[in-house]
């Protein structure tokens, strides 16, 4: 049985992503309050696997998780893309007329801003989790409270769904990374099937340094799918570049890495894995 550390409660989007990614396998969830705790669990027990959200098509990148990934020493062995749909739910005896406030994760609240603007009388309260908000309402019999979460979480905690699909943009997807201790990586993904890589590097503060690296990748026909820069604390105007690439030839990809290494500083491969497929709406 695989033990999967997630941020959030049973019924959260991390829970759904973990079960979809490991479909057909027996898994045991380790529910964590923070992403730091996810990586701490992996450090404490090298057999634990982490499922970590890294970007959303509406909210953008989870910048802190890039730093946690780089500093943790874990490696990425897979990714999963999940369609995100939000619903508003409450205790069975509550109605639109009795709901006074709504609780959820700040990102979920942001993704339902138009819906909430149409209900100005309902107070918006930030929580640490979508499903966790639903669980709290159920466990504490919070009359007049509502939660924004997915439909399955509402059903899991016995809440009534007032309205489904309340997100502003229906093209709402979150990308999750599957991370583990490097010594466990080969057991979780066959390297010969890898066609995507995540890496991080710094560059000298010189004219054209980034374009040189990108030109070399283009020469080796490596497709750049994402680039995210974060400032290096204590080094003004210097940045770490987090880069995702896809490739169809492992040898050519390795040659490109050899070619850019002398041009970069602190190049680190965060993981080589199989490109996750885009789910249908």
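Expressed as a fraction of 2.2 N^0.38 Å, the value expected for a compact globular protein of N residues, the C-alpha radius of gyration of the stretch 46-95 is 1.66. Across the alpha-carbon set of the stretch 191-273, the Rg to Rh ratio works out to 0.97, Rh being the Kirkwood radius. Can you tell me the 0 to 90 degree angle between the C-alpha axis of helix 209-219 and the longest principal axis of the chain, rounded to 10? On a 0 to 90 degree scale, this one is about 80.
Pairs of Cα atoms nearer than 8 Å and 6+ residues apart set the relative contact order; for the stretch 1-105 it is 26 percent.
Apply the Kirkwood formula to the chain: the hydrodynamic radius equals the inverse of the mean of 1/r over all pairs of different alpha-carbon atoms; give it in Å with one decimal. Show your work: numbers first, answer last.
Numbers: mean 1/r = 0.0492 Å⁻¹.
Taking every pair of different Cα atoms in the chain, averaging 1/r and inverting gives 20.3 Å.
Simple spin-label estimate for residue 236 and residue 187 gives 5.0 nm between the two label positions (7 Å along the Cα-to-Cβ direction from each Cα).
So if each residue of separation counts as 0.36 nm, and I subtract the Cα-Cα distance between residue 170 and residue 19, what length gain in nm does that give? Intermediate results must be reported in sequence, preceding the final value.
Working: separation 151, 0.36 × 151 = 54.36 nm, distance 2.23 nm.
So the extension gain works out to 52.1 nm.
Helix 35-44 and the long axis of the chain differ in direction by around 60°, with both axes built from C-alpha atoms.
Given contacts defined as C-alpha pairs under 8 Å and at least six residues apart, what's the relative contact order of the stretch 145-281, whole-number percent? Walk me through the numbers before you get to the answer.
On the way: 154 pairs, mean separation 43.7, N = 137.
Dividing the mean separation by the residue count of the stretch 145-281 yields 32 percent.
Under the definition of Cα pairs under 8 Å and six or more residues apart, what whole-number percent is the relative contact order of the chain? Intermediate values should be presented prior to the final figure.
Working: 603 pairs, mean separation 65.1, N = 281.
About 23 percent, as a whole number.
Provide the percentage of antiparallel DSSP beta bridges, counting only those with both residues in the chain; round to the nearest 5.
Working: 44 of 61 bridges.
Looking only at bridges with both residues in the chain, the antiparallel portion is about 70 percent.
Per DSSP H run of at least 4 residues, take -39500 (n - 2.57); add these up for the chain, divide by its residues and hand me the 222 nm value, nearest 500 deg cm²/dmol.
Values: 10 runs with 82 residues, N = 281.
-8000 deg cm²/dmol, from helical runs alone.
Both the radius of gyration and Dmax for the stretch 140-209 are 21.8, 61 Å, in that order, over alpha-carbon atoms. Helix 63-72 sits at what angle to the longest principal axis of the chain, using alpha carbons and giving 0 to 90 degrees rounded to 10? The answer is roughly 60 degrees.
Coordinate-derived values only; no laboratory data. Keep in mind the model is a prediction, meaning the values are calculated, not measured. Backbone-built Cβ (ideal geometry, glycine too); neighbour counts: all protein chains shown.
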